[in-house]
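The structure that follows is given in the form of C-alpha cells.
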Amino acid sequence: MIIAVGSLVYIRSVLQDGDTLCVILSEARPEFLGVPSGHYYYNVYCFETSRRFLAFDYEMVLVGPEGRLPYYTQG
C-alpha cells in the first residue's frame, strides 16, 4: 500500500523515545531502486522538530479515525 501525500503518520525513530507526528510531503519511492521489495520511503515533515527527513513505510503508523492504525494492517 502506498501512503497518500498529506497523510498524518506517527514515526518511530531509533533516536527518539516515542513516536512523533509527521505529515507525508512526497510520493512514495521504492526502498531499493530496481528491486521490488514492496517497501517505500517518503519525504516527511515532523511537527515536533520542524524538520524534514526521509522515512520508510515500516517505521510509520497511520493516524486514523479510530486512533493509531499500524501501516501493515491497511489494505
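Do you know which residues across segment 11-21 are out of contact with any Asp or Glu (no Cβ under 8 Å at 6 or more places or on another chain), surrounded by 12 or more Cβ atoms within 10 Å (Cβ to Cβ) and either modelled with pLDDT of 90 or more or not in a strand (DSSP E or B) (or both)?
Gln16
A quick yes/no check of all residues on (1) at pLDDT 90 or above; (2) assigned to a loop (DSSP other than H, G, I, E, B); (3) not polar (S, T, N, Q):
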| position | (1), (2), (3) |
| --- | --- |
| Ile3 | no, yes, yes |
| Val9 | yes, no, yes |
| Val23 | yes, no, yes |
| Glu27 | yes, yes, yes |
| Tyr42 | yes, no, yes |
| Ala55 | yes, no, yes |
| Val63 | no, no, yes |
| Tyr72 | no, no, yes |
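The values are calculated or read from the model by the stated rules, or taken from the named source; none is laboratory data. Everything numeric here is computed off the predicted structure, so don't read it as measured data. With ideal geometry, Cβ positions are generated from the backbone for all residues, glycine too; neighbour counts draw on all protein chains shown.
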